[in-house]
Each structure stands twice: as C-alpha cells, then as structure tokens.
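Read through the structure below, which is laid out as structure tokens, and then see the notes.
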Amino acid sequence: MYSWVLFIYVGVILAIGFGTARYVKTLEDFALAGRNLSFPVLLGTLFASYVGGATVIGWTGSFYSLGIDWWFTAVGALLGVAAAAFIMSERCRRLEQYTVPDLLELRYDAKTRVIGSLMIILGDVSLIAVQTISIAGVLTAYFGWERIPAMIFATVVFMAIALVGGMIGVALTDAVQAVIIAAGLMVGVGAAFSHAGGLSAVFSSLPPDFLSPLNHLTPQSAFNNAIAVFGTVAVWQSIIFSRVFAAKDVKTAKRGVVWLIPAGFLAYFLVAMLGYSARVILGPGVPAGSVFAKLVTEVLSPGVAVVLLAVVIGAIITTVNSILLSVSVNFTRDLYQKLFRKNADSKELLFVGRASVLVVALLAFLLAAAMPDIVSAIVFTYTMYSAALLVPLYGGYLWKRATAAAGLLGVISGAGTALTWYLLKNPLGLPPMIPSITISLVVFVVASLLTPEPSKEQLKVFDV
C-alpha cells in the first residue's frame, strides 16, 4: 500500500514540475523563476523548503526527549529567519543578484566571492548527500526497499524537477507540498492526541518538569543550540536568499520571509505537539531518533501513517530540490561565468546550469553511497560554510567601514576556526559556530579598522 501511495504522490509532484519546463528559457528563468514569484507561491516554497525531513523526524524526537528546552533551538532558527527578513531581504531583492557570493563581490571583491561560493558548494553537496541517506532510510524502513535502489530513486526524483523546471518547477511543487506538510502535521497531531486521550490528558500526563525551562539542558547547551541554528538559517542561500532574489518585487520578498516566521513557528508547534504526545503514548526511554518511527509503525493507523510519511518525503524532496538548484546556480554563475566564460550567452549558461544539476546530484549520490558512516562529518561542512559567511555578509551590509580585506579574512577565519574546533572535538563544550562567529567578528572588525576605507564602488550597495 505504502509504495503505491509513494509512486502516486511523487508522480503528481513530478508532473507539476515537468509542466513548467516550457517557461524556462534563460538562466534567470532557471535560477530565479524570472524573478516573478508571487507572495502565495513564495511563502509556500519558503515554508516547504524550510521545514525539512530533519525537522519532522529529528525534532519530534528532540521535543519528546527535552520538552520545552528544545524550543530554544526553534527560537534560534526563527531569529535567523528574522535577521534575513529585516536586515537583508529588501536590499537583496533591489540589488537583483543571483547568489550570496554575488552579494559578497558587490560589497567586497571577486576573491571573497570565489571563496564564499566554494564554501557553499562544498556544504550543499554534503547536505544533499545526507538528505539522500535520510530518504533512503525512510524508504528502507517503511517501504521495504533495498538501500541502493532507494538512493537511486531519491537521486532521480531530487534532480528531475530542478533539472527540467528550474526554480519555477521547484517553487510550484513546493507550494503544493507546503499545504500537504501543514495539513499532514495537523492530521498527525490530531490522531496522536486522540490516541493519548485528548489535549488535557497529554499535558496532565507529561513529567512534572517537562514544560519548565532548563530542566533538561543547561543554559550553555540551550544557548549553543540556538546560536548554531541561528547562524545556519541566517545565511541559508538555498532556502531563503534564492527565494528573495526570485520574488516579483521588493515588497513581496520581504513579506514572504517575514511571514515565514509565523509559518515556521506553526510547524515547530505541531512537531512539538507530536513529540509531547509521543512522550505520553510511548513513555520514557525511547531513543530520540526512533520516536517518529514508533509512532508511525506501532501507534497510528495506516491511513495517518501514510499521511505522515508523505509529509516526511515531501519535506525532504522540497529541501533537496532547493539545495540542488542553488548549488547549480553557484557553479554556473560564480565559477563558470565569472572565472571562465564571462561572455557566455544565456543559452550556454542555461545548459551549464542544467548539466551541473546532473553532476552535483551524481556526486552527492556517490558520497552518500560510499561513505554513509561519516554523516556527522559531512553535516559539519554546512556548519563551516555558515560560520564562514555570517559575519562578512551581515557585517558588510550593516557597517560601511567594512573593507574587502576584512570580508575575505572574515570568511577564512570563520571557516578555519570552525574546522579547527571540529578537529579538536569541541573544546570547552562549545559547538564550532560560537567560537567561529566570535573570531570571525574580531578579525573582521580589526581588519576593517587597519585597512584603507572601502571604495565608492563598494559602498554603492548602500544606495539602493
């Protein structure tokens, strides 16, 4: 039963994506949907990409285990969205660029752009590999597939929409799946609460300290979680900035990201309720990573289980489509066009963009197939990219005194500190994001004050 539902669901999504292919004529169409996303589609694609499979599966277990303390992590993520909404969204749309490295070159120089782009590509390919492993795990656990065929199926689905429909296809399929994700979570929460005896029964049966802050995490751990996810979300090109660039106008861009804050809160609330009800139904002692699986396979009815599995698969597909398209544009725009073919025409760039989707998907598949035991290491590369870009991106667009040298050194010091901290196995109990941001900020400020002021050309970004 599950397999037929899966094929029908994926088939509908692919049909929508393929139906948009005729609208893709240029790189701007492919990468940014012709900069014409309306507010409903923009919010839908933001929401569907933002609420990934890790949120549904992983955060259900985290809320189950840590109660209200996991909300510190959720608040950090929402603050990252707020930073992008209120600091960067309007300016980014007015500048009419394609990628975050575009923004770095406008504010600093080409060297900072290239390094930033390489960091994003490395992080995105690694994250696609992790998501490939994740969806293969879902297909093997719930549908009985073998691991390699499941990974091949996932890779084909991931690249199909991005390859053919570009941002237009990704955005429209995301908008459809956003409705499915939100409705599916509501159905799942309703069913779980019903099984547990209702809302009052759930909350009266939770452990006494479950809803009291800082009973399961120390203040330092709560802060560490919040700042780590804040840094990642605030510079999340594939999920947030690519959509900002694709909005039909400045007002729509900001409005879409602002409305992602309450939409994201709703998703977190529903996942929290799923975790809280699971705590009552399953009792203590279930590993966090197994909570969602136990709910689906042992507690909820087959119909509700199918709905929640559709939510998970849809969340993973939308997130990976976005990342795959983003890294393709980074390669085409930031490396191929800027370094090798500055005069390439639109047709050539569109071909390279589509070809790079295939190459990146294949690389991610090979990485996932060959090295599934180093998931934590390849996930870390995404943290390293976030730590490298946070201070230079926001600092450069908030502080006019920031210089090109400071931007470059900020990127290098942030990435270098993150890597060092990871290799030293998190000294002082701090995750890499905190020392990376701190050192990057210090280097950024000192370098700006010790080097010549930025040129008028570099300061033009403040005129928009």
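The values are calculated or read from the model by the stated rules, or taken from the named source; none is laboratory data. Note that the structure is predicted; figures quoted are calculated from it, not measured. Neighbour counts are summed over all protein chains in view; Cβ atoms, including those assigned to glycine, are modelled from backbone coordinates with ideal geometry.
Here are a few things to note about the model shown:
- Residue selected from region 250-282 under the condition charged (D, E, K, R) and over 22 Å from D69 (Cα atoms), by the criterion farthest from the chain's Cα centre (by Cα): K251
Residues are listed down the side, and each one gets a yes or a no for (1) hydrophobic (A, V, I, L, M, F, W, C); (2) under 19 Å from the mean Cα position of the chain (by Cα):
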| position | (1), (2) |
| --- | --- |
| S322 | no, yes |
| N330 | no, yes |
| L339 | yes, no |
| K342 | no, no |
| E348 | no, no |
| V352 | yes, no |
| V357 | yes, yes |
| A361 | yes, yes |
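- Lone unmet requirement of (1) surrounded by fewer than 21 Cβ atoms within 10 Å (Cβ to Cβ); (2) not in a loop (DSSP other than H, G, I, E, B) for N343: (2)
- Residue in region 283-310 that is surrounded by the fewest Cβ atoms within 10 Å (Cβ to Cβ), counting only those that are outside any helix (DSSP H, G or I) and more than 26 Å from the chain's Cα centre (by Cα): G285
- Selection from region 197-240 of residues that are within 30 Å of S117 (Cα to Cα) and of a type in the set (S, T, Y): T232, S238
- Per-region count, region 81-123, residues assigned to a helix (DSSP H, G or I), under 15 Å from L335 (Cα atoms) and of a type in the set (D, E, K, R): 4
- Annotation: of all residues in region 434-461 being in contact (Cβ under 8 Å) with a residue 24 or more places away in the chain and in a loop (DSSP other than H, G, I, E, B), the one that is nearest to T420 (Cα to Cα) is T451.
- Condition check for L172: buried (at least 21 other Cβ atoms within 10 Å of the Cβ), over 17 Å from the mean Cα position of the chain (by Cα) and either without any contact (Cβ under 8 Å) to a residue 12 or more places away in the chain or under 18 Å from F292 (Cβ atoms) (or both): no
- Flag for G166 being part of a helix (DSSP H, G or I), more than 24 Å from F351 (Cα to Cα) and out of contact with any strand residue (DSSP E or B) (no Cβ under 8 Å at 6 or more places or on another chain): no
- Subset of region 205-264 that is over 24 Å from V327 (Cα atoms) and among the charged types (D, E, K, R) - its residue that is surrounded by the most Cβ atoms within 10 Å (Cβ to Cβ): R255
Rundown of residues vs (1) among the small types (G, A, S); (2) modelled with pLDDT of 95 or more; (3) under 14 Å from the mean Cα position of the chain (by Cα); (4) buried (at least 23 other Cβ atoms within 10 Å of the Cβ), yes/no style:
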residue	(1), (2), (3), (4)
S49	yes, no, yes, yes
I57	no, no, no, yes
V81	no, yes, yes, yes
I87	no, yes, no, no
D109	no, no, no, no
V114	no, no, no, no
L118	no, no, no, no
G123	yes, no, yes, yes
G137	yes, no, no, no
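- Subset of region 416-433 that is in a helix (DSSP H, G or I) and either touching a residue at least 24 places away in the same chain (Cβ under 8 Å) or touching a Lys or Arg at 6+ places or on another chain (Cβ under 7 Å) (or both) - its residue that is surrounded by the fewest Cβ atoms within 10 Å (Cβ to Cβ): G429
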